[in-house]
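Inspection log for the structure reproduced underneath, given as structure tokens.
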Amino acid sequence: MGESVIPGVHSFKTLGEASLALAERIVEAAGVAIEDHGRYTMALSGGKTPVLLYNLLASEFAGRLGWNSVHLFWGDERFVPQDHPDNNFRMAYDAWISKIPIPHQNIHRIPTETATPEEAARSYEQTLKEFFDSPGKKSFPVFDAMLLGVGADGHTASLFPGSRILGEKSRWVVSAEAPPSVFPKERITLTLPLINSSREVLFLAFGEEKKNVLKEIFEVPEKAKKVYPAAMVKPRERLQWYLEKEV
Ligand code: 6PG
């Protein structure tokens, strides 16, 4: 992690406490971003861990965000129909988005109705390039925030250990395949350089099965960042972890 990045590790006894603290951070960061440049762009994580956070953002925190200026994206998506129980958009929609007054045009889901995951990746990359108004530019856009989870194998978004797409240097969005033990297999994911181009990354990671990989990430970072995609994440400004307190 570059010396300029502000690291932060916040540990809590329960996922509920961590989710509350993270919701507070999102409200604070959104207010600063909207004040500074008129909008807050956040890419969401999938999986099960963020559901509580999404519930909070749909309830007690809903009135503290300027939804007209908040734009939601996804860090990755499973290549399943939008109404499939494993679809990350559906999870966030049911837990949060369907309950808040966010303009429809501020919700930028990864399409999964294309013929192939590669077509979905190309389409989403086009969506991002149009949104960030950089069709021709080579440089990566700057998301205000990326909400990310961590898998027991150290994956994040749909960037899995050993995947060739970890070496992607120019594309913003690519198709990906999960390892044999992880379902759904076919995925679309933001690339590592795009994730690292964001201002702030907010990791939310809870669960017994993640303790070993998180221990390695913090205790042997030089080794971890060669193996675990979650350890390769280094945003421009702030890298914040919301974790389970070691009992
Ligand atoms: C996905 C997620 C993925 C997730 C981790 C943790 O699409 O699966 O984006 O990166 O954050 O797999 O998942 P859990 O929160 O379910 O443990």
Practice problem: State yes or no: is ASP133 open to solvent by 40 Å² or more (accessible area, probe 1.4 Å) and touching a Phe, Trp or Tyr at 6+ places or on another chain (Cβ under 8 Å)? | Solution: no
Quiz item: Any idea which residue in segment 49-65 is farthest from HIS108 (Cα to Cα), counting only those that are within 16 Å of the ligand (Cβ to nearest atom) and open to solvent by 40 Å² or more (accessible area, probe 1.4 Å)?
Solution: LEU52
Quiz item: What number of residues within segment 166-175 satisfy the criterion of being open to solvent by 10 Å² or more (accessible area, probe 1.4 Å) and either touching a residue at least 40 places away in the same chain (Cβ under 8 Å) or within 14 Å of the ligand (Cβ to nearest atom) (or both)?
Solution: 3
Quiz item: In this structure, does LYS215 turn out to be away from the ligand (no atom under 15 Å from the Cβ), more than 24 Å from PHE143 (Cα to Cα) and open to solvent by 80 Å² or more (accessible area, probe 1.4 Å)?
Solution: yes
Practice problem: Please enumerate the residues belonging to segment 30-48 that are near the ligand (Cβ under 8 Å from one of its atoms), surrounded by 22 or more Cβ atoms within 10 Å (Cβ to Cβ) and either farther than 18 Å from ARG238 by Cα or not small (Gly, Ala, Ser) (or both). | Solution: GLY46
Practice problem: For ALA115, work out the one condition from (1) within 16 Å of the ligand (Cβ to nearest atom); (2) surrounded by fewer than 22 Cβ atoms within 10 Å (Cβ to Cβ); (3) aliphatic (A, V, I, L, M) it doesn't fulfil. | Solution: (1)
Quiz item: Quick check: is even one residue across segment 66-74 of a type in the set (S, T, N, Q) and within 16 Å of the ligand (Cβ to nearest atom)?
Solution: no
Quiz item: Quick one: what pairs do we get from segment 228-247, first residue in contact (Cβ under 8 Å) with a residue 60 or more places away in the chain, second among the β-branched types (Val, Ile, Thr) and in a helix (DSSP H, G or I), C-beta under 7 Å, 6+ apart or different chains?
Solution: TYR228/VAL213; TYR228/ILE217; ALA230/ILE217; ALA231/ILE217; VAL233/ILE195
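The values are calculated or read from the model by the stated rules, or taken from the named source; none is laboratory data. A quick note: this is a predicted structure, and the numbers were derived from the prediction, not measured. Ideal geometry is used to build each Cβ from the backbone, glycine not excepted, and the neighbour counts take in all protein chains shown. Side chains included, ligands, DNA and RNA excluded: accessible areas come from the protein's heavy atoms. Shrake-Rupley method; radii C 1.70, N 1.55, O 1.52, S 1.80 Å.
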